[in-house]
1. With θ taken as phi - 60° and the coefficients 6.51, -1.76 and 1.60, list the Karplus ³J(HN,Hα) couplings across the range 337-349 in order, rounded to whole Hz; mark glycine and proline as x.
2. How many angstrom lie between the C-alpha centres of the range 199-240 and the range 556-625?
3. If we count every other residue with Cβ under 12 angstrom of L412's Cβ, Lys/Arg +1 and Asp/Glu -1, where does the sum land?
4. Please give the contour-minus-distance gain from A515 to D558: 0.36 nm per residue of separation, less the Cα-Cα distance, rounded to one decimal in nm.
5. Gain in length, D96 to A542, computed as 0.36 nm per residue apart minus the alpha-carbon separation, to one decimal in nm?
6. If you take the square roots of the eigenvalues of the alpha-carbon gyration tensor of the range 167-344 and sort them as a ≥ b ≥ c, do you get rounded (a/c under 1.5), prolate (a/b over b/c) or oblate?
7. For S314, S57, what's the largest-to-smallest order of accessible area, 1.4 Å probe?
8. Heads up, I need the accessible area for R397: 1.4 angstrom probe, whole protein in place, Å², nearest 10.
Amino acid sequence: MPNNNKKNGKGGFPMIGLIVIAVLFFLGMLSGNLLYKTFFSAGEEEVSYNTFLTAVSDDAIRKAEISDTQISYFLRTEEEGKEGLLYYTNRLPDVDLTGVTRTMQKNGVEFSAAPVEDGSSSFLFGWIILPLLFFAGLMLLMRIVANRSGGGGGFGGIGSIGKSKAKVYMEKETGVTFRDVAGQDEAKESLVEIIDFLHNPKKYTAIGAKLPKGALLVGSPGTGKTLLAKAVAGEAHVPFFSISGSDFVEMFVGVGASRVRDLFKEAAKVAPAIIFIDEIDAVGRSRDSKFGGNDEREQTLNQLLAEIDGFDSSNGVVILAATNRPEILDKALLRAGRFDRRIIVDRPNLEGRYQTLLVHTRKIHLAEDVDLKKIAQATAGAVGADLANLVNEAALRAVRLGRRAVSQEDLLVSFETVIAGTEKKGTVLTDIEKRIVSYHEVGHALVAAMKKHSQPVSKITIVPHTSGALGYTMQMPEEEKFLNSKEELLIELQTLLGGRAAEQVVFGIQTTGAANDIQRATELARKMVTQYGMSDKIGLMALATAQNEYLEGKTYMDCAQTTADDADNEVRALLNTCYDGAKQVLLDNRSLLDEIALYLLEKETITGDDLMAFVNADTNRLPAGEETED
Ligand code: ADP
Ligand code: ZN
């Protein structure tokens, strides 16, 4: 999810704040008196000089103050301990007050010449306190602005905004170990070396080995990337610095860069250490993106690159960064010597989910009837964070219902609320969906296996993938290949269409899951027809020209409209033929398809070897001399 929605209303507060402060200041200058009175007495009332004289002679006055221009007083009738209403009247010019003061003295009135009106208190208020308030307000404002930009704390003042310490989160000892991270064995394996290096950098420098500077953890949110990074720090017993890329986005120009500098400086001081940058795509987005530049992000990114290049990894600072969108990262970040290691943190498969549930129920009292395997089975597509949440919800439910242990029902009910009922639904498949996806993926793989006569895939999985694919079939990494024959491309087409063919053959349905396959197949078929001269009907004529030889794939048609129509028809015919071919393979091997699909349904992830074991067993069952196809 993009994280920009929290910055709405940007720029609104400072304006309002400034206005409020300006108004306060203005009021203070003009009418300190008024404010003084409003703040420090219950109210005031102007009276006539007559009224004042009457009050004196009636002995109604408790306390009076006489200035050069005014007389103000409080009445005795007010409750004890309260000042009450302040009465005031203007002094008559050139009238002697001796008689009045004498009467007041006789009556025991407390009176003084301390000026109430233009005296030091209002002076103090208008000229000292208010300006002070003004500056306090200003500071507060700056602090708020600094915070909004992710700034550090304190009344740092103008000068320190740019220098404020990064909102870096530092843990001396994370206390997290690999034991807390369930599954993710491949990721852990790749990280072991980093831990070893942090333990003992000398061992590596002695040989002259170049040390890893950083690794990129790639995976969906909640798959445990932060957890893994913390575990690396925990296992190596080194401090863990973390900062999120999205923090940089809202900053003033220059702040992000200085923050990056601070971060590396701090880490270097306590090295060996781990620096973890979450959501690095927020800063590291490709600079040549079509959405226009962002100065701040570019500066931050440049600083980050400079720091990565600049620091000497031999003293043991390792940078781990996390993203779920590696494809949008700036190439510069991925260059050798930077984040050249990529560690995939996949959604957990059945076993991984089971292990995750085990980890999170370690400290939870479970009732006898709890079957975590079943919960794991029901949660295909859920990530670690979902499962942690699920367990916690179940525990809360048990408490709510006054039980002392979590029951299977608690777990199942919270599964409904945590996973099935939310937007996560998109990634958690229902049973029937799982079956379809399973057949679909095996469809691809089986067509490829039968046509290529060799192991065509390295892995098949029905665990939904980061990219949004519900399942996927990982092709064998082929040796660098620059030439493809028409026959190979035809097999490729059939393989791509094998998924849809399986849906049709087995369930008689067509699902949206094949959209990407169809897109890719169409692109390939179009190239064969318009660029590779592989269509007999069109012949060797190139109909499409690459727009730009560096931008892959973008072509424009430069031929007559009727020829373009012919080309379209050729593409369609090619696709149809290949689809029929794929369907035929699956029909011919229907029982094999069922076997493998059910096996995949159970295991969720199978290897290419598993697949070939099925295929070979099937071939051997056939009477000698008979071929499986053709
Ligand atoms: P990410 O950084 O990939 O978004 P986190 O590392 O923040 O995910 O994971 C969030 C929480 O989910 C963790 O604190 C942990 O409780 C739980 N979690 C995620 N993956 C795992 C896992 N493999 N094993 C155990 N717990 C996990
Ligand atoms: Zn497919």
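The values are calculated or read from the model by the stated rules, or taken from the named source; none is laboratory data. Keep in mind the model is a prediction, meaning the values are calculated, not measured. Cβ atoms come from the backbone with ideal geometry, glycine included; neighbour counts cover every protein chain shown. What goes into the accessible areas is simple: the full protein's heavy atoms, side chains included, and nothing from ligands, DNA or RNA. Shrake-Rupley method; radii C 1.70, N 1.55, O 1.52, S 1.80 Å.
1. Each residue's phi maps through the Karplus curve to give x, 10, 8, 7, 9, 10, 10, 7, 10, 7, 4, x, 8 Hz.
2. The range 199-240 and the range 556-625 have Cα centres spaced 42 Å from each other.
3. Counting the neighbours of L412, the net charge comes to -4.
4. 12.7 nm
5. Extra length from D96 to A542 when fully extended: 149.0 nm.
6. Cα axes put the range 167-344 in the prolate bin.
7. From most accessible down to least: S57, S314.
8. About 40 Å², rounded to the nearest 10.
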